[in-house]
Amino acid sequence: MVSIVKNIALNIPDRLLTYLRQIGSVSNQRSVKAYTVGGVVRDLILSNECQIKDGTLDLDIVIENNAIGVAQKIADDFTTSINIHKQFGTAKIITKEDFRIDFVTARSETYQTSGALPSVTFNSIKEDLYRRDFSINAIAMSILPTDFGNLLDYTGGLIDLKNASVRTLHNQSYRDDPTRIFRAIRYEQRYNFRISQTDQGLIQNSINQNHLDNISGQRIRKEFNRIFSEEFAQKSFHRMEDFVLFSAIVPCWNLPQDFSQIWKNTLQAIDWSKQYLPNEQIDQNTMLWMALLDKKTTKTVSHRLKFEKRLQEKLNAKSRLITDLKKLSYSAKPSHVYQLLNSYPLETLIFSFWNHEHHWQKEQIRNYLLTLRHVQPKITGKDLLKQGHIPGPEMADTLWNSLARQLDELKR
Ligand code: CTP
């Protein structure tokens, strides 16, 4: 049984309280109703203060009528910059503590077709809650001074939180917005909840009816990135496999057979790189994508999810490296190792160092990462030019031979 906090206002950290009270007070002066909705309320009810205390915080504020006016005043009061989208009735401010506060004018939404952007009509808070993904995300907390902390729960969100259940608000929800499939799994695994029986069927129907084909690669990629940042990402991916979700995105895409081990190794690889290569710009998500993709699927998934070129190159390099490593004998000279690995991206090398099977090849990668690639050439192009060398292949050979000698001497 999940423990539910009764008076959530008591659970709000001071830094957040200051903003909520001020937004409530400005709204009151303007005679408009103001609420915070979504993740913050859900987490406060679950008593997950940590999500608010650490790092950044996304705060969703819903104002019944004219959110922009309230947001503008708050931006002035706290001297923060503001981003306004007049036609959508929304505004965003980022506070000095890096709280991102989204102000939204209460609205209802209708989806003409699956995966399309919804048409929006300004409406009451009740309608605004009914437009949302899950009951656990559709609880509003009033922030007006007169009833600060009072909850509005039209959709049974409190009961679902108590029963640890992820449930959408109507049967078309996954059809309307298929990204909710990923969201349902993410919440289920994050909180150790259960997607309701009905929703499991709705998700399966939506997948069978190919609704995922209606969302862009970019939106799917964003959902993966959100899962990557979760502590229980690995469990989420196994759960996705239960729903045969990978092959619904790209046919033939499945989790690798030994995915649990690969994932574990990759997380260790990330930790290792933080410890041993702290000054390098290593993209963690690139390595996490490597864990999800193999030679067969990299190309099609990269195309479907619209990976940027740099990421595609790093993913392709993973398969190339496996072939290249076969060229390295046990007693390969350091200069040979250097020559072979020098063109590979760091992420590819670190990933392979942790996931490759052959012990001595792993050692060669490690030696390259930690030692060989840092060797400073004793003789540089400038030195040779000064000595009267003419730029060209011969000069390149001289430079390389000199560096190779240095590298091979390291061995002794
Ligand atoms: N929302 C929705 N449908 C989506 C995305 C979001 O209805 N496809 C609504 C939900 O009410 C959600 C709110 O918008 O609570 C804010 O969305 P988001 O910031 O993505 O989620 P959080 O609730 O903040 O949860 P978390 O970031 O912890 O996943």
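Could you state the angle between the C-alpha long axis of helix 346-355 and the longest principal axis of the C-alpha atoms of the chain, as a value from 0 to 90 degrees rounded to the nearest 10?
Around 90 degrees separate the two axes.
Between SER31 and ASN123, with labels modelled 7 Å along Cα→Cβ, what's the label distance in nm to one decimal, could you check?
Between SER31 and ASN123, the label points sit 2.5 nm apart.
Could you work out the Kirkwood radius for region 1-163, taking every pair of different alpha carbons, averaging 1/r and inverting it, reported in Å?
This gives a value of 16.0 Å.
Hand me the GluC sites (Glu not before Pro) from region 273-347 located in a DSSP loop with no more than 16 other Cβ atoms within 10 Å, in residue order please.
Working: sites: GLU280, GLU308, GLU313, GLU347; in loops: GLU280, GLU308.
In loop regions of region 273-347 (DSSP not H, G, I, E or B), the sparsely surrounded GluC sites (Glu not before Pro) are GLU280, GLU308.
Antiparallel DSSP bridges in the chain: what percent, to the nearest 5? Could the numbers behind the result be given before it?
Working: 23 of 32 bridges.
Around 70 percent antiparallel, to the nearest 5.
Quote the relative contact order of region 259-374 in percent (integer), defining contacts as alpha-carbon pairs under 8 Å separated by 6+ residues. Mind showing how you got there, number by number?
Values: 90 pairs, mean separation 36.3, N = 116.
Here the relative contact order equals 31 percent.
Convex hull over the Cα atoms of region 164-249, averaged projected area in nm²? Before the final figure, lay out the partial values.
Values: hull surface 19.8 nm².
About 4.9 nm², averaged over all directions.
Just from its helices, what would the mean residue ellipticity at 222 nm be for the chain, if runs of 4 or more DSSP H residues each count -39500 (n - 2.57) and the sum is divided by every residue, rounded to the nearest 500 deg cm²/dmol? Intermediate values should be presented prior to the final figure.
Details: 21 runs with 210 residues, N = 412.
When only DSSP H runs of four or more count, the value is -15000 deg cm²/dmol.
On a full-extension model of 0.36 nm per residue, what is the gain between VAL244 and ARG310, subtracting their alpha-carbon distance, rounded to one decimal in nm? Please report the intermediate quantities before stating the final value.
Working: separation 66, 0.36 × 66 = 23.76 nm, distance 2.86 nm.
Once the chain is fully extended between VAL244 and ARG310, it gains 20.9 nm.
Find the centroid of the Cα atoms in region 282-359 and in region 50-127, then give the distance between the two in whole Å.
So the separation of the two Cα centres works out to 41 Å.
Just to confirm the number: angle between the C-alpha axis of helix 233-242 and the first principal axis of the chain, 0 to 90 degrees, nearest 10?
The angle comes out at about 80 degrees.
Would you please calculate the Kirkwood hydrodynamic radius of region 294-412 over all C-alpha pairs and express it in Å, rounded to one decimal? Kindly include the intermediate steps, with their values, before the conclusion.
Values: mean 1/r = 0.0619 Å⁻¹.
After inverting the mean inverse Cα-Cα distance, the result is 16.2 Å.
Calculate the spin-label point distance for GLN209 paired with ALA404, positioning each point 7 Å from the Cα along the beta-carbon direction, and give it in nanometres.
For the pair ALA404/GLN209, the computed spacing is 6.5 nm.
Highest mean first, what order results for 390-399, 70-79, 112-121 on Cβ atoms within 10 Å?
70-79, 112-121, 390-399
Let me check I've understood the local charge: for ILE159, count other residues with C-beta under 11 angstrom from its C-beta, Lys and Arg +1, Asp and Glu -1. What total comes out? All intermediate terms of the calculation are to be shown ahead of the outcome.
Working: positive: LYS162, ARG167; negative: ASP153, ASP160.
Neighbourhood net charge equals 0.
Provide the convex hull volume over Cα atoms per residue for region 129-214, in Å³.
Working: hull volume 8.1 nm³, N = 86.
Taking only Cα atoms, region 129-214 has a hull volume of 94 Å³ per residue.
Just need the relative contact order of the chain here, percent rounded to a whole number, with Cα pairs under 8 Å and 6+ apart. Could you put the intermediate results ahead of the total?
Details: 577 pairs, mean separation 40.8, N = 412.
Computed value for the chain: 10 percent relative contact order.
Hey, what does the equivalent ellipsoid look like for the chain, semi-axes from the Cα gyration tensor as sqrt of 5 times each eigenvalue, largest first, whole Å?
Values: eigenvalues 511, 138, 76 Å².
Value: 51, 26, 19 Å, ordered largest first.
Please give, to one decimal in nm, the separation of the simple spin-label points placed at ALA396 and LYS327, each 7 Å out from Cα toward the Cβ.
Going by the 7 Å Cα→Cβ label model, 1.5 nm.
Could you work out how far helix 14-29 tilts from the main Cα principal axis of the chain, as a 0 to 90 degree angle to the nearest 10?
Here the helix axis deviates by roughly 40 degrees.
All of the numbers you see were taken from the coordinates with simple rules; none came from a lab. What you see is a predicted model; the values in this text were computed from it and never measured. No Cβ is skipped: glycine too gets one built from the backbone with ideal geometry, and neighbour counts run over all protein chains shown.
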